[in-house]
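One structure is given below, encoded as structure tokens.
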Amino acid sequence: MRISSDQKICGIPVLDLRRVFRAANVVVSETWLAHRLKISLPRALKLITALLREGYIKKQSPHTFGYIGWDLTMKGNALGNASAAKPITRKTADRKLEEFLKRIKQVEVDANFLFKVKRAFVFGSFLSDKERIGDIDIAVELAPKEGNRKKFSETYRRKVDKAEVSGRTFKNFVDLYAWPENEVWLALKARSRGLSLHQFDARMTKISKHVLIYGDTCPPTVEKRSFKKAE
């Protein structure tokens, strides 16, 4: 997803919303959102209603103590990862996607990574016929390389322990524990401008035009073909 600095979503500057969505993949409460955006509580309530209506957030499943907040949807995560930089050419986009597919293979054969890419879909402006497009939006589904759950759990724990004593800085325990998966995302992204990666959500295949660019299995409604044929 590509945005412009003067754009607004639901009456809020898009860069402000992007900042909030990048900081967390949930909207904790109306009060939390009001504090993050420095807006009044009534305005925060209206904003949440608008974000739900526009598909940026969704209600979390009820917990023991009741409803606790809202999760970002794929559209919300896309906004959090959106770029305000200039559009890229089709030629540049093709090259970046080729490089991304090579990194998928590198992750798969590198024993240092505990996860591999199971499937990857491209969607968004890349599938248009425009010569200049926004970010290359790719939904990625990861899977553990180790099929034995006990062995995988033990390896995962050792990797987290190693990361904790390595000197790497983590914002909190959640970030530390998620490191084995997050390092795969970092390797796939490789600081590539114009490449926007999103965690795969099955609902995306029902509501968005998409093409499977990596993986041997896909929903019956998805035709597997190369990204070049999708241009």
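The values are calculated or read from the model by the stated rules, or taken from the named source; none is laboratory data. Small disclaimer: the values here were computed from a predicted structure and weren't measured. In this analysis, Cβ positions are derived from the backbone assuming ideal geometry, glycine residues included, and neighbour counts consider all displayed protein chains. Note: areas computed on protein heavy atoms with side chains; ligands, DNA, RNA excluded. Shrake-Rupley method; radii C 1.70, N 1.55, O 1.52, S 1.80 Å.
Where does the charge balance sit around residue 163 when Lys and Arg score +1, Asp and Glu -1, over other residues with C-beta under 14 Å from its C-beta? All intermediate terms of the calculation are to be shown ahead of the outcome.
Numbers: positive: 157, 158, 159, 162, 168, 171; negative: 161, 164, 175, 181, 183.
Result for the local shell: +1.
Normalising the Debye intensity of the chain to I(0), with uniform scatterers on Cα atoms only, and taking log10 at q = 0.14 Å⁻¹ returns -1.05.
With 27 Å as the limit on Cα-Cα distance, the pairs of 96/130; 116/162; 75/150; 38/206 that go past it are 75/150; 38/206. Overall, the anisotropy analysis places the stretch 65-163 in the oblate class: the square-rooted eigenvalues a ≥ b ≥ c of its C-alpha gyration tensor yield a/c not less than 1.5, with a/b not exceeding b/c. Computed on the chain, with alpha-carbon pairs under 8 angstrom and 6+ residues apart, the relative contact order is 21 percent. Close amide H pairs (under 5 Å, H built 1.01 Å from N) link residue 115 with 145, residues at least 5 positions away or on another chain. Protein heavy-atom accessible surface, 1.4 Å probe, per residue over the stretch 30-129: 55 Å².
Once you have the Cα-Cα distance between residue 159 and residue 35, take 0.36 nm times their residue separation minus that, and quote the gain in nm to one decimal. Intermediate values should be presented prior to the final figure.
Working: separation 124, 0.36 × 124 = 44.64 nm, distance 3.59 nm.
Answer, rounded to one decimal: 41.0 nm.
If you take all other residues with their beta carbon under 13 Å from the beta carbon of residue 34, and give Lys and Arg +1 and Asp and Glu -1, the sum is +2.
To the nearest 500 deg cm²/dmol, what mean residue ellipticity at 222 nm is calculated for the chain from DSSP H runs of n ≥ 4 alone, each contributing -39,500 (n - 2.57), summed and divided by the residues? Each step should come with its number before you reach the end.
Working: 9 runs with 96 residues, N = 231.
Taken over the chain, the calculation gives -12500 deg cm²/dmol.
In this structure the amide hydrogen of residue 142, modeled in the peptide plane, comes within under 5 Å of the amide hydrogens of 118, 200, none closer than 5 places in sequence on its chain.
Taking every DSSP bridge with both residues inside the chain, close to 75 percent are antiparallel.
Computed from backbone phi, the HN-Hα couplings of the stretch 72-80 come to 6, 7, 4, 5, x, 5, 5, 5, x Hz, rounded to whole numbers (Karplus: 6.51 cos²θ - 1.76 cosθ + 1.60, θ = phi - 60°; Gly and Pro given as x).
Expressed in nm to one decimal, what extension gain is obtained for the pair residue 4 and residue 105 from 0.36 nm per residue of sequence separation less their Cα-Cα distance? List each step's numbers first, then the result.
Numbers: separation 101, 0.36 × 101 = 36.36 nm, distance 3.37 nm.
Contour length minus Cα-Cα distance gives 33.0 nm.
Taking 45 Å as R0, compute the FRET efficiency from the Cβ-Cβ separation of residue 169 and residue 128 and round it to 0.05. Provide the component values of the computation, followed by the final result.
Numbers: r = 40 Å, r/R0 = 0.88.
Step by step, r from the Cβ atoms, then E = 0.70.
Shape of the stretch 73-127 from the C-alpha gyration tensor: oblate (a/c of 1.5 or more and a/b not above b/c, with a ≥ b ≥ c the square roots of its eigenvalues).
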